[in-house]
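The values are calculated or read from the model by the stated rules, or taken from the named source; none is laboratory data. Worth saying up front: this structure is predicted, and the values here are computed from it rather than measured. No Cβ is skipped: glycine too gets one built from the backbone with ideal geometry, and neighbour counts run over all protein chains shown.
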Amino acid sequence: MTPSRTPMPPGRRRPAVPRSRAGRAATVLAAAGATALGVAVAAGPAAATSSTGVVINEVYGGGGNSGAVLTNDFIELYNSGTTAVNLAGWSVQYKSATSTAAFSGVTSLTGSIAPGKTFLIQEASGGSTGAALPVTPDVTGSVNLSATAGVVALVNGTTALNCSTDAACVAAGAQDLVGFGSTANISETAPAPAPSNTTSITRTSGADTDSNSADFTVANPPTPTTGTTTGGGGATPGPLRIHDIQGDSFVSPHAGDTVTNVPGIVTATRTYGSSKGYWIQDPTPDDDPATSEGIFVYTGSTPTVAVGDSVLVSGKVADYYQLASGESTSSTSQLSVTEIDQAGTPAVVSSGNPLPAPIVLTPTTVPDTYAPDLGGGNIENTPIDPARSALDYYESIEGMLVEIDNARVVGPSAVFGSGSSADAEQYITTKPGQDATYRGGTELLGENQTPSGRLELVTSGAANPDVNVGDVLKGAWTGTIDYSEFGGYTIADSTQGTVQHNNLAPVVATAPAKGQLSVATYNVENLAPTDPDSKFAALGKGVVTNLASPDIVAVEEIQDNDGASDDGVVDATQTLTKLTQAITAAGGPSYQWQGINPVNDQDGGQPGGNIRTVFLYNPKAVSFVSAGGSNVNRSTTGTEVKAPLGGILGGGVGGLLGGPSLTLSPGRIDPTNPVWNSSRKPLVGEFKFNGKKVFVIANHFDAKLGDQNADGRFQYPAQSSATQRAGQALVEHNFVQELLNADNNADVVVVGDLNDYQFSPALNVLKTGKAAGTAKPILTDLITTLPTDQQYTYDYDGISEVLDHILVTKHLSKVNYQVVHVNSEYADQVSDHDPQVVDVTP
């Protein structure tokens, strides 16, 4: 049975535990018609009929006894079938001829046995008489067999059989039974003849007629042999090469098959985490560019081979998928990794061999298209075309050695796990001129336009390069091509060059001009009182130094007073007190706050955390207009727009009469609408600045959890979460429209983490009320006013993209908008989002 590799759940935010290389779920796609290792019970007399063709071939129990010809007992197996059989998880078992108790001697098996070959198990010795076995055994046990009478069982399992009849042993999993000596009470039809200290019993011509007496004869002398393919016995290459196993498709044509003696050179080992193993590569490739010459060999324990070993590997071929809870191989959007689940010990033919030359990834090596548009279809159902897309290309070299030279970092280092199981993961680009940002990243410029040059690089433990965006990995960095559920294809690093740190400077916003109101948004990533003081101090410095102490700051992901403890607490006074005190300690103003506690566990986010949006504001610069009574449940009661004089005046008349106001301030927009299920509800506040009304709406839209993986097999991927965000955007658009109906010069600032791109349907709905088309917008998304290479607020897996937005109505003038990059491009970050600020003149 394949050892467990634990999967991780999907989501955009990365978990703080080791992922693809530290956990494994034993989930494989097996080829239809793969050999079953089951039990077949024939009609008539009970008999252990092996469905695999593997049978007990010879038994010798006189080893070491007086007059013995060999020092050790042995049991020899034979594969009379037409396919190799993986014996991992099987055993041979023994008990005395007349015993009615359980089998007392169990020897577990490893390795595989090729068709027409034998497999030798050395057992205990009764003394020092006799010669050593003439061949190296495949497995060594410690069971003492009788020289003259006993029962041996071949079992698909390692639990001792507790049976005393043929039928009961067959039902318990016996694949073959041999009772020898006339007193044996378990046998197939009748016992085999009795051997001695100088003779064994051996099967005649490998036949199995289900009669031990007919199938076995006495051999003088014993004839132990081994012809297995998993070490010992002078193994030779089997019929399949790595490129045969990989094939020209994403899923191996041999998935589920047991393969024997696959040759290759060990190019790298993985000795940490629970997904231990090694990579091998065939130094003699074929001429098909679609078939990879490398493959991962999964061992589940520290591999015994070394880099440079020439090996022959046997085991079962698997296409391994990392599955989240509730996923199956048919529903997951991940791509698989083709691997061999090693059986037994590989045969080491020689050591110290030169490694195959790595493929050097240059700016023109990988296609410019990241993934083909298959209308949502499964790329695994298409043949590999290395010129079609980056996904195709990397699949065509999966498991092979590659090299990058002087590569620019586009995603900072992040460490997952700890100690020897730690992974440092960072992203580079093989195409430095592709979609470059002004600070060295690589940018998402449209739906399904993932930059094809972006590639994950994984290092381990002390090898963490600790790089930021814009740094350069100098010299040659080599490794094997692997796949991660979070970042697509990766380089599993094995040798490193050096690091050129370019000391990317954090952005510092310019202060607003006199008479301007400054409004900022900042996702502070699950901020709780239990977070270290250093996080609060860094956030405080960011607000004061980098954001220039805005008059209003909408903060997202403020957790309640006990953070992720799911105990019904929803108040966040302690969290907000620590945050505002940290801002003051950094030299900023004494902010006050306005917010609404959510209903417990109803707004999504980390269970128990009760994240919410909150307004921080400087009372010396701006005043908050409170509205609504204290007896109103603001968590579930929506605020409404009140037009001046109680009517809808529109035009500029509403403004002349004092403009619209809110029934609840702070308030929530339609909080019981199903579009907000398991999601944050927008927080609305009315402020006054220099005597003028400004309405600010703080948001944190539904996250992208549940969307298909953009690096996965369904292309283009389905974005199931987009429907809810579009619905949220429409509700908010209509609310802004109500303010403008009351006064078309109303000053409205919409801010926050909208969890979607500037070109997404949700943003179009928020601006125009329509998912697509050219309807007149009532809001301007300020990120779109920046130069293209500056349009990003977040770095997700090496892709600079927009999730956070500030939008304004048309009446706000003299707009000065800035994205303040202080987190997402840095290995040392206090949040995964960058804040942004706008200075406006109401």
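Could you list, in sequence order, the residues of region 611-629 that are in a loop (DSSP other than H, G, I, E, B) and in contact with a strand residue (DSSP E or B) (Cβ under 9 Å, 6 or more places away or on another chain)? Result: Ile611, Asn618, Pro619, Ala621, Val622, Ser626, Gly628.
Among the residues making up region 94-133, a single one is under 15 Å from Thr71 (Cβ atoms), of a type in the set (Ser, Thr, Tyr) and part of a strand (DSSP E or B): Thr129. Among the candidates Thr260, Thr217, the residue that is assigned to a strand (DSSP E or B), buried (at least 21 other Cβ atoms within 10 Å of the Cβ) and among the β-branched types (Val, Ile, Thr) is uniquely Thr260.
Counting only residues that are part of a loop (DSSP other than H, G, I, E, B) and within 13 Å of the chain's Cα centre (by Cα), region 306-326 holds 5 of them.
Evaluation of Val840 against the conditions (1) in contact with a Leu (Cβ under 8 Å, 6 or more places away or on another chain); (2) part of a strand (DSSP E or B); (3) under 24 Å from Glu485 (Cβ atoms) shows that the sole unmet condition is (3). Restricting region 549-597 to residues that are under 32 Å from the mean Cα position of the chain (by Cα), acidic (Asp, Glu) and in a loop (DSSP other than H, G, I, E, B), the residue that is surrounded by the fewest Cβ atoms within 10 Å (Cβ to Cβ) is Asp567.
The residue pairs whose first member lies in region 369-387 and is in the same structural domain as Ala718 (by TED's automatic domain parsing), whose second member is part of a loop (DSSP other than H, G, I, E, B) and at pLDDT below 95, and whose beta carbons are closer than 7 Å, counting only pairs six or more residues apart or on different chains, do not exist in this structure.
Would you confirm whether any residue within region 513-521 is touching a residue at least 24 places away in the same chain (Cβ under 8 Å), surrounded by 22 or more Cβ atoms within 10 Å (Cβ to Cβ), over 30 Å from Glu403 (Cβ atoms) and in contact with a Leu (Cβ under 7 Å, 6 or more places away or on another chain)? Taking every residue of region 513-521 in turn, at least one turns out to be touching a residue at least 24 places away in the same chain (Cβ under 8 Å), surrounded by 22 or more Cβ atoms within 10 Å (Cβ to Cβ), over 30 Å from Glu403 (Cβ atoms) and in contact with a Leu (Cβ under 7 Å, 6 or more places away or on another chain).
Does Tyr817 meet the test of being outside the structural domain of Gly441 (by TED's automatic domain parsing), of a type outside the set (S, T, N, Q), surrounded by fewer than 22 Cβ atoms within 10 Å (Cβ to Cβ) and not in a loop (DSSP other than H, G, I, E, B)?
Details: outside the structural domain of Gly441 (by TED's automatic domain parsing): yes; of a type outside the set (S, T, N, Q): yes; surrounded by fewer than 22 Cβ atoms within 10 Å (Cβ to Cβ): yes; not in a loop (DSSP other than H, G, I, E, B): yes.
Judged against the criteria, Tyr817 is a match.
Ile778 meets each of the listed conditions (1) under 25 Å from Lys692 (Cα atoms); (2) part of a strand (DSSP E or B) apart from (2). Of the residues Val178, Val151, the single one that is touching a helix residue (DSSP H, G or I) at 6+ places or on another chain (Cβ under 7 Å) and assigned to a strand (DSSP E or B) is Val178.
Filtering region 570-592 to residues that are touching a Ser or Thr at 6+ places or on another chain (Cβ under 6 Å) and among the β-branched types (Val, Ile, Thr) leaves only Thr584. Being modelled with pLDDT of 90 or more and among the hydrophobic types (A, V, I, L, M, F, W, C) is the filter; apply it to region 215-243 and report the residue that is farthest from Val59 (Cα to Cα). Result: Ile242. Report yes if some residue within region 741-761 is touching a Gly at 6+ places or on another chain (Cβ under 9 Å), outside any loop (DSSP other than H, G, I, E, B) and either surrounded by 21 or more Cβ atoms within 10 Å (Cβ to Cβ) or not assigned by TED's automatic domain parsing to the domain that holds Phe689 (or both); otherwise report no. Scanning region 741-761, I find at least one residue that is touching a Gly at 6+ places or on another chain (Cβ under 9 Å), outside any loop (DSSP other than H, G, I, E, B) and either surrounded by 21 or more Cβ atoms within 10 Å (Cβ to Cβ) or not assigned by TED's automatic domain parsing to the domain that holds Phe689 (or both), so the answer is yes. Here Leu730 meets the list (1) at pLDDT 95 or above; (2) surrounded by fewer than 21 Cβ atoms within 10 Å (Cβ to Cβ); (3) part of a loop (DSSP other than H, G, I, E, B); (4) not polar (S, T, N, Q) almost entirely, failing just condition (3). Can Leu812 be described as at pLDDT below 95, crowded, with 18+ Cβ neighbours inside 10 Å and in contact with a strand residue (DSSP E or B) (Cβ under 8 Å, 6 or more places away or on another chain)? Spelling it out, Leu812 is indeed at pLDDT below 95, crowded, with 18+ Cβ neighbours inside 10 Å and in contact with a strand residue (DSSP E or B) (Cβ under 8 Å, 6 or more places away or on another chain). Considering each residue of region 732-749 in turn, none proves to be among the small types (Gly, Ala, Ser), more than 23 Å from Val840 (Cα to Cα) and out of contact with any His (no Cβ under 8 Å at 6 or more places or on another chain). If you check Val409, Val415 for being part of a strand (DSSP E or B), surrounded by fewer than 22 Cβ atoms within 10 Å (Cβ to Cβ) and not assigned by TED's automatic domain parsing to the domain that holds His833, only one passes: Val415.
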